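Only one structure is covered here, and it is reproduced in the block below.
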């Protein structure tokens, strides 16, 4: 136990200038430490578990003599009760650091999630759609709120105004918020349940999207009118016309055709292989090309510096509205995606090909898990026969 020093007054302590340690009295082991730069601070020398330790209490400018003595007495009481004040201080500092690290806002969490999952996005458009919906609907409500403090009422406030009027958008938004909060939970930024979860949470307060959203079908040209329309396209030599013809012959999606590159085409084997990253189901898709499709490709001029097959007037791939706008100019009450429906109707009404062969041609995911487990092939040979017949049907005059 340190000697009991003479109790100094605040004025006497203020006059101390000698560098070193000065006992101030009032509490055993309490000193004023003066450094080389004349900075003054309070230090308590004590014995903790048989080891002499010095513990800083604060600066002289921030802590009066009276307050320093009170703080020193409190620490000595902790030691007397068996508590190690230095270790307790370390624990509090560590807890404060963890709390500060976990104090991440929803907006910042979204930014980190999008950055760390950049490989997940099929293309820049998909990523921008994520960002746009969150920025438009979620950020105004919870953007600046720490993820650990987001509750069910917050999510309802975001979704309820658009749940019945923009159901599809609201449903996607809900899923995106849920994904970000799940990420935050795994990263230990949040230790509560996910309030954006549908089952057990939002399904108790919002009507099912299926109950309020009417399915929107893409307008399609009737099967009987396909050949005449295709003949009309053949009389047009524009790049949009050729891309649309290729889309019809392959029963593919607009983005798949517009993003098609020459290295995806095997002219010898008559196969178009679309890589997984460009497919909706994120799975590579092989498409058998009929002779009409091969002839069409060979009629497309190749540009030495362009990898895309169907090149826009100013270079690069055609815009996402190019084919739609082209059909509008032809005064056709249909959209490019509708030809997939036309193809499906043709298979059902004009052929004996099984349903699953047509679904495989459209690259649809098999919803039945048992059937999907057994059907591991892509029925390529059967699909080649079917696509040859489809091409013949489209080009019949």
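In segment 11-32, how many residues are in a loop (DSSP other than H, G, I, E, B) and either closer than 16 Å to residue 44 by Cβ or in contact with a helix residue (DSSP H, G or I) (Cβ under 7 Å, 6 or more places away or on another chain) (or both)?
Of all residues in segment 11-32, those in a loop (DSSP other than H, G, I, E, B) come to 16-19, 24-29.
Still in the running and either closer than 16 Å to residue 44 by Cβ or in contact with a helix residue (DSSP H, G or I) (Cβ under 7 Å, 6 or more places away or on another chain) (or both): 24-29.
Of the residues in segment 11-32, 6 are in a loop (DSSP other than H, G, I, E, B) and either closer than 16 Å to residue 44 by Cβ or in contact with a helix residue (DSSP H, G or I) (Cβ under 7 Å, 6 or more places away or on another chain) (or both).
Given segment 211-313, what helices (runs of 4 or more DSSP H) lie entirely inside it while holding 2 or more residues that are in contact with a strand residue (DSSP E or B) (Cβ under 6 Å, 6 or more places away or on another chain) and outside the structural domain of residue 168 (by TED's automatic domain parsing)? Don't jump to the end; show me each part of the working.
Details: elements: 226-234, 239-250, 254-258, 291-299.
Ranges flagged: 254-258.
Before we move on, is residue 71 at pLDDT 80 or above and assigned to a helix (DSSP H, G or I)?
On the way: at pLDDT 80 or above: yes; assigned to a helix (DSSP H, G or I): yes.
Yes: the conditions hold for residue 71.
Restricting the search to segment 342-379, which residues are buried (at least 19 other Cβ atoms within 10 Å of the Cβ) and either more than 16 Å from residue 252 (Cβ to Cβ) or modelled with pLDDT of 90 or more (or both)?
Within segment 342-379, 342, 343, 344, 346, 347, 353, 358, 360, 361 meet the criteria.
Pick from segment 258-276 the residues that are within 15 Å of residue 308 (Cα to Cα) and crowded, with 17+ Cβ neighbours inside 10 Å: which of them is farthest from the chain's Cα centre (by Cα)?
At the first step, the residues of segment 258-276 found to be within 15 Å of residue 308 (Cα to Cα) are 258-266, 272-275.
Those left that are additionally crowded, with 17+ Cβ neighbours inside 10 Å: 258-260, 264-265, 272, 274.
Working: 258: 25, 259: 23, 260: 26, 264: 28, 265: 32, 272: 30, 274: 24 Å.
If we take residues in segment 258-276 being within 15 Å of residue 308 (Cα to Cα) and crowded, with 17+ Cβ neighbours inside 10 Å, then 265 is farthest from the chain's Cα centre (by Cα).
Within segment 181-204, restricting attention to residues that are under 19 Å from residue 153 (Cα atoms), in contact with a helix residue (DSSP H, G or I) (Cβ under 8 Å, 6 or more places away or on another chain) and modelled with pLDDT under 90, which residue is surrounded by the fewest Cβ atoms within 10 Å (Cβ to Cβ)? Reasoning before the result, please.
Just the residues of segment 181-204 that are under 19 Å from residue 153 (Cα atoms), to begin with: 181-182, 184-185, 190-204.
If we keep only those that are in contact with a helix residue (DSSP H, G or I) (Cβ under 8 Å, 6 or more places away or on another chain) too, we end up with 181, 184, 190-192, 194-198, 201-202.
Pick out the ones that are also modelled with pLDDT under 90 and you get 190-192, 201.
Working: 190: 21, 191: 9, 192: 13, 201: 17.
The extreme case among them is 191.
Could you list all residues from segment 73-85 that are under 17 Å from residue 32 (Cα atoms) and under 52 Å from the mean Cα position of the chain (by Cα)?
Answer for segment 73-85, where residues must be under 17 Å from residue 32 (Cα atoms) and under 52 Å from the mean Cα position of the chain (by Cα): just 75.
Determine if segment 120-130 includes at least one residue that is in contact with a strand residue (DSSP E or B) (Cβ under 6 Å, 6 or more places away or on another chain), part of a helix (DSSP H, G or I) and modelled with pLDDT of 85 or more. Don't jump to the end; show me each part of the working.
Initial filter on segment 120-130 (in contact with a strand residue (DSSP E or B) (Cβ under 6 Å, 6 or more places away or on another chain)): none.
No: zero hits.
Taking residue 58, is it more than 28 Å from residue 187 (Cβ to Cβ) and in contact with a helix residue (DSSP H, G or I) (Cβ under 8 Å, 6 or more places away or on another chain)? Talk me through it step by step, then tell me what you get.
Working: more than 28 Å from residue 187 (Cβ to Cβ): yes; in contact with a helix residue (DSSP H, G or I) (Cβ under 8 Å, 6 or more places away or on another chain): yes.
Spelling it out, residue 58 is indeed more than 28 Å from residue 187 (Cβ to Cβ) and in contact with a helix residue (DSSP H, G or I) (Cβ under 8 Å, 6 or more places away or on another chain).
The values are calculated or read from the model by the stated rules, or taken from the named source; none is laboratory data. The model shown is predicted, which means the values in this text are computed figures rather than measured ones. When we count neighbours, we look across all protein chains shown, and the Cβ atoms used for this are built from the backbone with ideal geometry, even at glycine.
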